[in-house]
2 protein chains.
Amino acid sequence: MLTDRQIQVLQVIIDEFIHTAQPIGSRAIAKKEQISFSPATIRNEMADLEDLGFIEKTHTSSGRVPSERGYRFYVDHLLSPFLLSNQEMSVIAQTFEKEIIEFEKVVQKSARVLSDMTNYTSIILGPEVFKTTLKQIQIISLSDQAAVAILVTNTGHVEHRYFTVPSTMQASDLEKLVNILNKRLAGVPIIQLQEKLYGEVAQLLQKYSNDFETTYTYLKAALLEKKPVKLYMDGKTNILLQPEFNDIEKIQSLYSVMEKEDKMANILRSTSKGIKVSIGQENELDEMQDCSLITASYTLGGEQMGTVALLGPKRMEYSRVISLLNVLSTRLSKTFNTWY
Amino acid sequence: MLTDRQIQVLQVIIDEFIHTAQPIGSRAIAKKEQISFSPATIRNEMADLEDLGFIEKTHTSSGRVPSERGYRFYVDHLLSPFLLSNQEMSVIAQTFEKEIIEFEKVVQKSARVLSDMTNYTSIILGPEVFKTTLKQIQIISLSDQAAVAILVTNTGHVEHRYFTVPSTMQASDLEKLVNILNKRLAGVPIIQLQEKLYGEVAQLLQKYSNDFETTYTYLKAALLEKKPVKLYMDGKTNILLQPEFNDIEKIQSLYSVMEKEDKMANILRSTSKGIKVSIGQENELDEMQDCSLITASYTLGGEQMGTVALLGPKRMEYSRVISLLNVLSTRLSKTFNTWY
DNA sequence: TGTTAGCACTCCTAAACCTCGAGTGCTAAA
DNA sequence: TTTAGCACTCGAGGTTTAGGAGTGCTAACA
């Protein structure tokens, strides 16, 4: 469909535009080493490329700028694998080398590394709790009316929920309750918790006192309450460095959408395995139409647990970013799998 | 020092500028109801006010704008208590009315309410953990090499720390350890934890096995590791609405300082009891020299536990913001004290 | 037939230039 | 002491201009 020469020209335009953010003219292209034909020829090719929708002019007599279609073609066909430098690799390695047994910290650090290395905004979706299983429940009473239930999952994730307790409920009863719950629920996938809590456990508890029953009701409600998935972002201000975001309105709209963590989480969650690139209008959210979002998933035992992503201008360093995300998501998976 | 008339003029200038963000001219002032003298007179007074440093010109023939000294005088002497509307009060009430026993949620909601009602950025410093006492410790082993210690404080705050365990350590031993710790540490102020852990508890544990010793070393390290204080911010994008922040550079520098949570936490922590107003250059951080920061502390049992703050342009609605912060911090204190 | 030099043309950018009006300070009269 | 009057200042915003980067087209060339 595209001639070799057209592809060559397109490649130069996009490569160049990614670095300069300026429209590229025929003369500039001709000066490139790999190009061996004259500006006039290039102008002809560019006219064709424009007709085909791969590049655009910003005004009648301007140089060319990649269109979204152009970026798409570039991402699909023109990317050569980017070799990260030793220095870069060692920075990443450092993130994982320390003896940390806390996944949250590793994720936080990863987010930091990603945004620092790219000058884009990094977003990491924490491990999906509902794919883990329950390890243990603990209940600690805080006063004669309140207690906190603490859940620990097989991935070492700790979560706590507060609930009310009838003041007549004994401490020993609470203990009994905990024992029953642990016996019945240990090893149960979090996603099946609801069913279990309403099913066999409820039945089992019926023979106990009234207090028991009301406590259980509160506890159940607390346990089933969905916690929003954790979203780790870093380098939000990096967007301000991009020349395409020199407009307060754009920043405003992008920032306001980034504040809606549930929306962002949904987008990251709905990605398939591996790397995915969304360019401009391909993004679900209108507010992200001037951006590209590149996502990579990390896994536990082959199952997708979370997502690592970078958000930047459409003019992203696709090749480099993809390599980085690849490395980081694999390392995250690896650490995750070693631990659990 | 200032004549009544000068004060009148100053008040009008600041009140007006707070709402319009535009320099105020003598004619505009003369039109105000409470003003009964001519523009020419006002011009004379303004010249004096400028000499005294309370107002400034943006250029030779412009209207006047309050100086930081002017704001300071305004805040110290010209503020009349702002009466919040019934509607506003009921919005605040709603934040506290629901049966939530989770302090974190109340704080989050408060931050949201504050930023929504003011269009400024709200910052709340969570309760200081080191002022609470330890309620209970639990240890849950995750694998044969890792375990998680869970601390619950008297304020219901739950925290967890991961640590490594020698693989030869028995589950029953861990239980024994927990029992000893609970017996010795329940009720101990978190701030004294270190001392206790190194002192009597260490001694007590010496008679046990080698494994015990190493486990304890890891655990101790994990427990003493300082967690950063939680900072809740909301309405970060509100700053973009302020006309004084129409400059990407300013936004950039302000946002980057907001991302440094530890710095912000320090500033909020170091405030004294009650309301404090920092205007422009009075702020510690250079990046905040175009802002005003108003802070109010909330307490538990008379002791300062955390801080509620609003960050906006120097041209803040001081009166209203102060009232709001007063109401919110008292309500936070009240809820906090009822619970614990 | 594909490539290239030449050239007229377009349109943006940045600077220079106006114009208008809001606001001032000063002076002199009330 | 207050105020009206007036000349003066300066910025905001619009218009003009010059320069240059880049294009498309045509015609010559390999």
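The values are calculated or read from the model by the stated rules, or taken from the named source; none is laboratory data. Not measured: the values here are computed from a predicted model. Cβ atoms come from the backbone with ideal geometry, glycine included; neighbour counts cover every protein chain shown. For the accessible areas, the whole protein counts, side chains as well, though only heavy atoms, and no ligand, DNA or RNA atoms are used. Shrake-Rupley method; radii C 1.70, N 1.55, O 1.52, S 1.80 Å.
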Check your understanding: Considering only DSSP beta bridges with both partners in the protein assembly as shown, what is the antiparallel share in %, to the nearest 5?
Key -> 100
Review point. Using +1 on the beta carbon of Lys and Arg, -1 on that of Asp and Glu, and nothing else charged, what's the dipole of the protein assembly as shown about the Cα centre, debye to 20?
Key: 960
Practice item. Could you state the angle between the C-alpha long axis of helix A:171-185 and the longest principal axis of the C-alpha atoms of chain A, as a value from 0 to 90 degrees rounded to the nearest 10? Key: 50
Check your understanding: What's the average, rounded to a whole number, of partner chain beta-carbon atoms within 10 Å of each residue's beta-carbon in A:127-136?
Key -> 1
Check your understanding: Relative to the longest principal Cα axis of chain A, at what angle does helix A:103-118 sit, 0 to 90 degrees, rounded to 10?
Key -> 10
Practice item. Evaluate the Debye formula for segment B:181-340 with equal point scatterers sitting on the alpha carbons, no solvent, and hand back log10 of I(q)/I(0) at q = 0.12, 0.17 Å⁻¹, in q order, two decimals. Key: -0.69, -1.01
Exercise for review: Work out, in µm²/s and without decimals, the Stokes-Einstein translational diffusion coefficient of segment B:133-224 at 25 °C, 0.890 mPa s, Rh from Kirkwood over C-alpha pairs.
Suggested key: 188
Revision key, fill the gap. Once A:90, A:172 are ranked on solvent-accessible area with the largest value leading and a 1.4 Å probe, the list reads A:172, A:90
Exercise for review: Return the loop-located chymotrypsin sites (Phe, Trp or Tyr not before Pro) in segment B:104-197 (DSSP other than H, G, I, E, B) with at most 12 other Cβ atoms within 10 Å of their own Cβ; answer none if there are none.
Suggested key: none
Point to revise | Degrees, to the nearest 10: A:4-20 long Cα axis against longest axis of chain A | key: 60
Point to revise | Kirkwood Rh in Å, taken over the protein assembly as shown so that all alpha-carbon pairs contribute | key: 29.2
Review point. How big is D for segment A:80-180, in µm² s⁻¹ as a whole number, if Stokes-Einstein is applied with the Kirkwood radius of its Cα pairs at 10 °C and 1.306 mPa s?
Key: 92
**Study point:** Environment charge at residue A:210 (Cβ cut-off 15 Å; Lys +1, Arg +1, Asp -1, Glu -1)
**Key:** -1
Revision key, fill the gap. Per-residue ellipticity at 222 nm attributable to helices in chain A (runs of n ≥ 4 DSSP H, -39500 (n - 2.57) apiece, nearest 500 deg cm²/dmol) works out to -14000 deg cm²/dmol
Review point. More than 15 Å apart: what percent of Cα pairs in segment B:4-78 qualify?
Key: 46
Exercise for review: Answer with one residue from B:75, B:316, B:165: the one whose Cα lies farthest towards the positive end of the charge dipole of the protein assembly as shown, charges on Cβ with Lys, Arg +1 and Asp, Glu -1.
Suggested key: B:165
Review point. What would the Debye formula give as log10 I(q)/I(0) at q = 0.08, 0.09, 0.10 Å⁻¹ for the alpha-carbon point model of chain B, no solvent?
Key: -0.53, -0.62, -0.72
Exercise for review: Note the buried accessible area between B and A here, summed over both chains, with a 1.4 Å probe, in Å² to the nearest 100.
Suggested key: 3300
Check your understanding: Which whole number gives the average count of other chain Cβ atoms within 10 Å of the Cβ atoms across peptide B:146-154?
Key -> 4
Check your understanding: Along segment B:199-214, what does the Karplus equation 6.51 cos²θ - 1.76 cosθ + 1.60 (θ = phi - 60°) give for ³J(HN,Hα), rounded to whole Hz, x for Gly and Pro?
Key -> x, 4, 5, 4, 4, 4, 8, 4, 6, 7, 5, 4, 3, 3, 4, 5
Practice item. Answer rounded, prolate or oblate for segment A:242-295, using the Cα gyration tensor with square roots of eigenvalues a ≥ b ≥ c: rounded when a/c is under 1.5, else prolate when a/b is larger than b/c, else oblate. Key: oblate
Study note, to complete from the structure: Within the set B:318, B:198, B:216, GNM on chain B using Cα springs under 10 Å gives the largest fluctuation to B:198
Check your understanding: To the nearest 20 debye, what charge dipole does chain A have about its Cα centre, counting +1 at the Cβ of each Lys and Arg and -1 at the Cβ of each Asp and Glu?
Key -> 620
Practice item. Quote the charge dipole size of segment A:4-78 about the Cα centre in Debye, to the nearest 20; the model charges only the Cβ of Lys and Arg (+1) and of Asp and Glu (-1). Key: 240
Review point. On the first, second and third principal axes, largest extent first, how far apart are the outermost C-alpha atoms of segment A:58-110 in Å?
Key: 58, 23, 20
Practice item. Indicate the residues belonging to segment B:233-252 that lose 40 Å² or more of solvent-accessible heavy-atom surface (probe 1.4 Å) upon moving from the chain alone to the assembly of all protein chains, ignoring ligands and nucleic acids. Key: B:237, B:240, B:248, B:252
Practice item. Give the nm distances, rounded to one decimal, from residue B:247 to the matching residue in every other copy, measuring between label points 7 Å along Cα toward the beta carbon; shortest first. Key: 2.3
Point to revise | Amide proton proximity set for residue B:142, modelled H, under 5 Å, gap of 5+ | key: B:147, B:148
**Study point:** Theoretical FRET efficiency, 1/(1+(r/R0)^6), r = Cβ-Cβ of residue B:272 and residue B:230, R0 30 Å, to 0.05
**Key:** 0.90
